[in-house]
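Q: I have a structure I would like to understand better, so I am pasting it below and will then ask my questions one at a time.
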Amino acid sequence: MTMGYGGQPMKVIKANRALLKKSRSFRDLRKDYLDYSQETKLHFKELTDVERKIVRDKIRAQAKKDSIQEIGIYILSIAIVLAAFYAIYYFS
C-alpha cells in the first residue's frame with residue numbers, strides 16, 4: 001500500500017524555502033549596481049572640427065541613401081498591389 005502524493009506538498013514547501021534563502025534583497029542588488037556603475041568611466045575620442053564634419057557628412061549621406069531606398073520600396077509595393085488588383089478585376 002503506497003501513500004500516494006501525500007508527501008508532495010511538503011517537498012514543494014521545502015524547495016520554496018530554499019529558494020527564498022538564496023534570493024538577494026533589492027538593497028543588496030542596488031548596492032552592487034551602484035558600486036559597479038561608479039567604477040565604469042567612458043572615454044570618448046576627441047574629434048577635430050574637420051573630422052566631425054566628415055563624420056556628419058557620412059551620416060547624412062547614409063540617411064539620404066536609406067530614405068531613397070525606402071521610397072523605392074514603397075513605390076514598388078504600391079505597384080505590385082495595384083497590379084494584383086488589376087489582375088484580379090480583369091481576369092476573374
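The values are calculated or read from the model by the stated rules, or taken from the named source; none is laboratory data. Everything quoted here is computed from the prediction, not taken from an experiment. No Cβ is skipped: glycine too gets one built from the backbone with ideal geometry, and neighbour counts run over all protein chains shown. The area values use the complete protein model at the heavy-atom level, side chains included, leaving out ligands, DNA and RNA. Shrake-Rupley method; radii C 1.70, N 1.55, O 1.52, S 1.80 Å.
Q: Answer with yes or no whether Glu46 is surrounded by 10 or more Cβ atoms within 10 Å (Cβ to Cβ), modelled with pLDDT of 90 or more and not aliphatic (A, V, I, L, M).
A: On the way: surrounded by 10 or more Cβ atoms within 10 Å (Cβ to Cβ): no; modelled with pLDDT of 90 or more: yes; not aliphatic (A, V, I, L, M): yes.
Answer is no for this residue.
Q: Looking at the stretch 10-23, can you tell me whether even one residue there is open to solvent by less than 100 Å² (accessible area, probe 1.4 Å), modelled with pLDDT of 90 or more and under 29 Å from the mean Cα position of the chain (by Cα)? First the steps, then the outcome.
A: Applying the first criterion (open to solvent by less than 100 Å² (accessible area, probe 1.4 Å)) to the stretch 10-23 yields 12-13, 15-16, 18, 23.
Right, trim to modelled with pLDDT of 90 or more and you get none.
Scanning the stretch 10-23 turns up no residue that is open to solvent by less than 100 Å² (accessible area, probe 1.4 Å), modelled with pLDDT of 90 or more and under 29 Å from the mean Cα position of the chain (by Cα).
Q: Oh, and also: Could you list all residues from the stretch 49-58 that are surrounded by 10 or more Cβ atoms within 10 Å (Cβ to Cβ) and aliphatic (A, V, I, L, M)?
A: Applying the first criterion (surrounded by 10 or more Cβ atoms within 10 Å (Cβ to Cβ)) to the stretch 49-58 yields 51-58.
Residues satisfying the conditions are Ile54, Val55.
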